[in-house]
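A quick write-up on the structure given underneath.
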């Protein structure tokens, strides 16, 4: 049997501690990810809930948005909960001006406060 997968949790904002604990209980080796070098060391990534516009601003400030996009487009497994799912959406339906996503999932997410729930629209990609 091989070693436990190293699963990162994007540790910029949101329910980071809760996800790290859950991953450890599931048998993974969890690590917080804030910088590109930390991202390069993980087998998969969880993007936790929080507030999607804040998370976008922080991924830009920490210069991790482009490395995240590259890893995701290269096939790195990822899971997003609440705002994390919005961050993984291919596009935003109603984000704030300048807000972007990381992409990877063919759905549109709502970036408005109070409605941080992804919305799948059949036939739209």
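The values are calculated or read from the model by the stated rules, or taken from the named source; none is laboratory data. Everything quoted here is computed from the prediction, not taken from an experiment. Here the Cβ positions follow ideal geometry from the backbone for every residue, glycine too, while neighbour counts run over all protein chains shown.
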Completion exercise
residue 54: passes all of (1) surrounded by fewer than 16 Cβ atoms within 10 Å (Cβ to Cβ); (2) part of a helix (DSSP H, G or I); (3) modelled with pLDDT of 95 or more but (3)
Fill in the blank from the handout: Flagged in region 3-26 as surrounded by 14 or more Cβ atoms within 10 Å (Cβ to Cβ) and in contact with a strand residue (DSSP E or B) (Cβ under 6 Å, 6 or more places away or on another chain), in numbering order, are 4, 6, 7, 8, 9, 10, 11, 16, 19, 20, 23
Exercise for the section: Evaluate the following for residue 80: is it under 23 Å from residue 5 (Cβ atoms), touching a strand residue (DSSP E or B) at 6+ places or on another chain (Cβ under 6 Å) and modelled with pLDDT under 95? Expected result: yes
Exercise for the section: Filter region 57-68 for residues that are surrounded by 15 or more Cβ atoms within 10 Å (Cβ to Cβ) and either touching a strand residue (DSSP E or B) at 6+ places or on another chain (Cβ under 7 Å) or more than 19 Å from residue 6 (Cα to Cα) (or both) and give the result. Expected result: 57, 58, 59, 62, 65
Exercise for the section: Report yes if some residue within region 20-38 is in contact (Cβ under 8 Å) with a residue 60 or more places away in the chain and within 12 Å of the chain's Cα centre (by Cα); otherwise report no. Expected result: no
Completion exercise
With the first residue restricted to region 39-63 and required to be in contact (Cβ under 8 Å) with a residue 60 or more places away in the chain, and the second required to be surrounded by 17 or more Cβ atoms within 10 Å (Cβ to Cβ) and assigned to a helix (DSSP H, G or I), Cβ contacts under 8 Å at 6 or more apart or on different chains are 49/83; 49/84; 51/83; 52/83; 52/86; 52/87
Handout entry: Check on residue 86, in contact with a helix residue (DSSP H, G or I) (Cβ under 6 Å, 6 or more places away or on another chain), at pLDDT 80 or above and over 30 Å from residue 3 (Cβ atoms)
Key = yes
Exercise for the section: Could you grab me the full set of residues in region 63-73 that are outside any helix (DSSP H, G or I) and at pLDDT below 95? Expected result: none
